[in-house]
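Undergrad: Below is one structure. I have some questions about it.
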Amino acid sequence: MGRPPSSKPTSFDIAYLAGVSQPTVSRALRGSKSVSAATRANIERIARELNYTVDKNASSLRSQRTHTIALLFFEDPTPDESMINPFFLSMLGSITRQCALRGYDLLISFQQMHNDWHVAYQDSHRSDGIILLGYGDYQLYRAKLEHLVEMDTKFVRWGSVSEDSIGLTVGSDNIGAGEAAGAHLIAIGRRRIAFLGDASAHAPEFQDRYTGLCRAMAAAGLAADPALRQNAVSSEESGYAAAKALLARGTAFDAIFAGSDLIAIGAMRALAEAKLRCPQDVALIGFDDIPAASQTSPTLTTVMQDMKGAGELLVDALLRRIDGKDPERTMLPARLIKRQSTAV
């Protein structure tokens, strides 16, 4: 439903007062026929009462095509100096190919989340639209997304797909994937399943994966133990530290579902140091199916996301948005890849 009105009126304030989503407000103010006449009239009335105006100058500047798409990577902790999550590198090839097929150049930029990248790209007009990959703390990211939406910037992002997603979003069915991972662990006889990852509003994809795990456990008559949930960001070192903290807690567990492969690989190292065998003592599942997942010992059971489909959908959705259309948010299925870390 949005948020209470602020001192400076925005389209989010109109959405809150009208009881509709922000994208509905944008469509109504653009005169889109996809919004009913009654809803559009109500939105226009509220806009007038708030003295809300659309930035016409920005809109006219954006109408001048560059035939370039900007791809913004955001800094992630990595063991090397790349600071790019290897999962997103896997998606890059698909995005590049799709841009070429559609006659667009791809401008790739590396950003730090604390910088004002959202203002810089809005003002530079170097591209017709933006693809956003990665975000770190979603609560910090969210405010920047709201600014892009408010300025009617054409963008699409990879992330958690939900009714309250900010802006056009493409992502995996993280809840369904978490449920599949949990069901697999239960099927091999595991009952005390730990989760490593920040399952909170700061990391909604991890939160969705944990929700799926809890659903699978509930369906089997099992209760998720809060003591078996340990925060971690998507890095090997964080996964290692989270597993060490879990072990130090002394609460028994026989399986770990990690929010990412990087977390799982770090956890695998901590288990080995504790003389715990994987999968005999602790079964382990990751998420992303990065190349390293098939190189660990034991090889890592994980969830594979559709990288080819993701790249194609991100580019297609953005180009539809650039053309003035209103593409829907899209959720892609993910697939469990069974390997040695759950082979019991």
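The values are calculated or read from the model by the stated rules, or taken from the named source; none is laboratory data. No experiment lies behind these values; they were computed from the predicted model shown. Cβ placement follows ideal geometry from the backbone for every residue including glycine, while neighbour counts extend to all protein chains displayed. Accessible surface areas use protein heavy atoms only, side chains included; no ligands, DNA or RNA. Shrake-Rupley method; radii C 1.70, N 1.55, O 1.52, S 1.80 Å.
Undergrad: Could you check Ile130 against (1) within 30 Å of Ala70 (Cα to Cα); (2) assigned by the TED database to the domain that holds Thr302; (3) among the β-branched types (Val, Ile, Thr) and say which number it fails?
TA: Single failed check for Ile130: (2).
Undergrad: Any residue at all in region 330-344 that's open to solvent by 40 Å² or more (accessible area, probe 1.4 Å), in a loop (DSSP other than H, G, I, E, B), within 23 Å of Arg97 (Cα to Cα) and not aliphatic (A, V, I, L, M)?
TA: Yes, region 330-344 contains at least one residue that is open to solvent by 40 Å² or more (accessible area, probe 1.4 Å), in a loop (DSSP other than H, G, I, E, B), within 23 Å of Arg97 (Cα to Cα) and not aliphatic (A, V, I, L, M).
Undergrad: Of all the residues that make up region 246-294, how many are open to solvent by 10 Å² or more (accessible area, probe 1.4 Å), in contact with a Lys or Arg (Cβ under 9 Å, 6 or more places away or on another chain) and part of a helix (DSSP H, G or I)?
TA: Number satisfying all stated conditions: 2.
Undergrad: Another question about this same structure. Taking Gln295 as the residue in question, decide whether it is among the polar types (S, T, N, Q), within 25 Å of Thr96 (Cβ to Cβ) and either free of Cβ contacts under 8 Å to residues at least 24 places away in the same chain or assigned by the TED database to the domain that holds Ile186 (or both).
TA: Numbers: among the polar types (S, T, N, Q): yes; within 25 Å of Thr96 (Cβ to Cβ): yes; either free of Cβ contacts under 8 Å to residues at least 24 places away in the same chain or assigned by the TED database to the domain that holds Ile186 (or both): yes.
So Gln295 fits the description; yes.
Undergrad: Then there is this: Can you name the condition, by its number, that Asn85 falls short on among (1) modelled with pLDDT of 80 or more; (2) of a type outside the set (Asp, Glu); (3) farther than 23 Å from Phe12 by Cβ?
TA: All conditions pass for Asn85, except number (1).
Undergrad: Suppose we keep only residues that are free of Cβ contacts under 8 Å to residues at least 60 places away in the same chain and of a type in the set (Val, Ile, Thr) within region 298-325. Which one would you say is nearest to Ala28 (Cα to Cα)?
TA: Thr302
Undergrad: Let me ask another. Quick one: is Ile166 over 15 Å from Lys338 (Cα atoms), in a helix (DSSP H, G or I), out of contact with any strand residue (DSSP E or B) (no Cβ under 8 Å at 6 or more places or on another chain) and aliphatic (A, V, I, L, M)?
TA: On the way: over 15 Å from Lys338 (Cα atoms): yes; in a helix (DSSP H, G or I): no; out of contact with any strand residue (DSSP E or B) (no Cβ under 8 Å at 6 or more places or on another chain): yes; aliphatic (A, V, I, L, M): yes.
No: the conditions fail for Ile166.
Undergrad: Next up: Which of the numbered conditions does Lys154 fail, given that it passes all the others? Conditions: (1) touching a strand residue (DSSP E or B) at 6+ places or on another chain (Cβ under 7 Å); (2) open to solvent by less than 20 Å² (accessible area, probe 1.4 Å).
TA: (2)
Undergrad: Here's something else I'd like to know. Restricting attention to region 290-312, report how many residues are at pLDDT below 95 and out of contact with any Phe, Trp or Tyr (no Cβ under 8 Å at 6 or more places or on another chain).
TA: 8
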